[in-house]
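One structure below.
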Amino acid sequence: MGEISIKTEIPGPIARALLERKEKNVPAGPFNTVKTFAAKGEGALLTDVDGNTFIDFAGAIGTLNAGHCPPNVVKALQAQIHAYLHPCFHVMMYEPYIELAETLNRLVPGSHAKKTFFLSSGAEAVENAVKIARKFTGRKGIISFERGFHGRTYMAMSLTSKVRPYKYGFGPFAPETYKWPYPDYYRSGGLDPAELDEALLSSFETFFLNEVSPDDVAAVIMEPVQGEGGFIIPSKGFVQGVKKLCEQHGILFIADEIQTGFGRTGKMFAVEHFEVVPDIMTMSKSIAAGLPLSAVTGRAEIMDSAGIGEIGGTYGGSPLGCVAAIEVIQMIQNDGLLEQALKIGEAFQACFDVLSSRFGQIGQIRSLGAMCAIEFVQDKTGKRPNQPIVQEILRNAHQRGLVIMSAGLYGNVVRLLVPLVISDSQLDEGLGVLEDVIIQCCQNQQ
């Protein structure tokens, strides 16, 4: 017997009643992947209100590297609740904020002095990183990358690339924002990775002649691995080349580690794979096991450029989020979760590399640690995106008790963000369900 237990259709009767209430009371805008409602979460398992138990391969869009309700986190939260909930750091300070800042200052790459402050969401972290970069450099321009995602607030949305559903109809957007292309070696038109890197890096120098002077650019913000963009992984040479350009022109390099951080890729932060030290790093998602918390860490002299009262927020760095984050980081370090991320990626590759050779709809299998993706195409030669099969795979997987999500510019990528605490048997069971569903859907299209 496995862990998955499906007792009703999805959604079940209780979930259907809740869906009716949701439709009457909640706007249409917030999307929902699985059409049911959670009742209990533990580790890599989710049980809904109708008693159906799922294996969770989505991890709240990468928020739950430490899993649902980690016992040590729950215990720390219970103790904190009995002490104080929220005196607000801007009114009366509290030690967990300082302890977590000290911890991140040690963990974020670089031997230089660093400083950290806290907010509530990833988008807030991006907004404040931009504010600080502009304040420190005295420049206005911010460069992000095609297919990048940085959030839904106005500056973050301006830096985000995908039009639908994130930007359509919401303009005008923040000025002085620009986009650079980000390498997609699968769709490089026959160029090998080194050739594509060289072409893109050369084009960036031309960009400074055509679009904006480097003297007017405050920062380049980059996801070390693109998340919503489809888990596109650049080469070390490309990331280092971008950093070198930044250094040549006095531009700050911001690493957006909101989805890639806290062990997801087999290192604490994905940028470590590329041996690049960022000037500023933004973090959120898995930092606090699902509690709203984000962080901005940067070189001390950069972070101190904002004066008193110029950065912050009423709920930024809540005590509950801080104590949860301290426990999560200890879990990652003490429970071997970095090694577990690599094992998850290896199991994923072993399962689907074989399957890729059987079906023309499977375009590419890619992963960096436990950041895993399968890109689906109409055929391997033309590589035209195959979004309908992804939607069919998601529907069938959800009915079978596996929570998965899509990603990519064309919506043709199945992405996996498995909690790193998943057991071997749960991982095998989930991969087996996904394999069966993909085989069935590919055969249906033949």
Checklist entry - What pairs from K135/K285; K131/K162; K140/K380; K236/K285 go past 31 Å between their alpha carbons? => result K140/K380
Next on the checklist: Charges on Cβ only, +1 for Lys and Arg, -1 for Asp and Glu, centred on the Cα centroid of the chain; of F376, S423, I332, which one is farthest towards the dipole's positive end?
Outcome noted: F376
Checklist entry - Charges only on Cβ, +1 for Lys and Arg, -1 for Asp and Glu: so what's the dipole of segment 72-334 about the Cα centre, in debye to the nearest 20? => result 560 debye
Next on the checklist: Between E146 and Q248, how high is the FRET efficiency from 1/(1 + (r/R0)^6) when r is the Cβ-Cβ distance and R₀ = 22 Å? Nearest 0.05.
Outcome noted: 0.50
Checklist outcome for this item: 1/(1 + (r/R0)^6) with r = Cβ-Cβ of Y315 and S213, R0 = 25 Å, i.e. FRET efficiency to nearest 0.05, evaluates to 0.05
Checklist entry - With +1 on each Lys and Arg Cβ and -1 on each Asp and Glu Cβ, how big is the dipole of the chain about its Cα centre, in debye rounded to the nearest 20? => result 980 debye
Item to check | Added length on full extension, which subtracts the Cα-Cα distance from 0.36 nm per residue, E42 to V163 | outcome: 40.0 nm
Checklist entry - Loop-only check: which chymotrypsin sites (Phe, Trp or Tyr not before Pro) in segment 77-165 are DSSP coil with at most 11 other Cβ within 10 angstrom? => result Y84
Item to check | Loop sites in segment 208-282: GluC sites (Glu not before Pro), DSSP, at most 16 other Cβ within 10 Å | outcome: E211, E275
Checklist entry - Can you run phi through the Karplus equation (6.51, -1.76, 1.60; θ = phi - 60°) for segment 325-335 and list ³J(HN,Hα) in whole Hz, with x for Gly and Pro? => result 5, 4, 5, 4, 5, 5, 4, 4, 6, 8, 9
Item to check | In segment 1-65, the chymotrypsin sites (Phe, Trp or Tyr not before Pro) that fall in loop regions by DSSP, at most 12 other Cβ within 10 Å | outcome: F31
Checklist entry - Using 7 Å Cα-to-Cβ label points, what is the S111/E99 separation (nm, one decimal)? => result 3.0 nm
Item to check | Under-5 Å amide H pairs with K114, H placed in peptide plane, nonlocal only | outcome: A300
Item to check | Kirkwood Rh in Å, taken over segment 72-334 so that all alpha-carbon pairs contribute | outcome: 18.9 Å
Checklist entry - Of T206, G298, H90, which is farthest along the charge dipole of segment 72-334 in the positive direction, counting Lys and Arg as +1 and Asp and Glu as -1 at C-beta? => result H90
Checklist outcome for this item: Distance in Å, no decimals, from the C-alpha centre of segment 359-393 to the one of segment 193-248 is 25 Å
Next on the checklist: Can you match mean projected area of the Cα convex hull in nm² to one of these, (i) 21.8; (ii) 24.9; (iii) 27.5, based on a calculation from the structure here?
Outcome noted: (i)
Item to check | Potential extension, T381-T153 segment - 0.36 nm per residue separation minus Cα distance | outcome: 78.2 nm
Item to check | Beta bridges by DSSP in the chain, antiparallel share as percent, to the nearest 5 | outcome: 65 percent
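Throughout, read-outs are computed from the coordinates displayed, never taken from laboratory work. These numbers come from a predicted model, not from an experiment. Every residue, glycine as well, gets a Cβ built from its backbone with ideal geometry; the counts of neighbours run over all protein chains shown.
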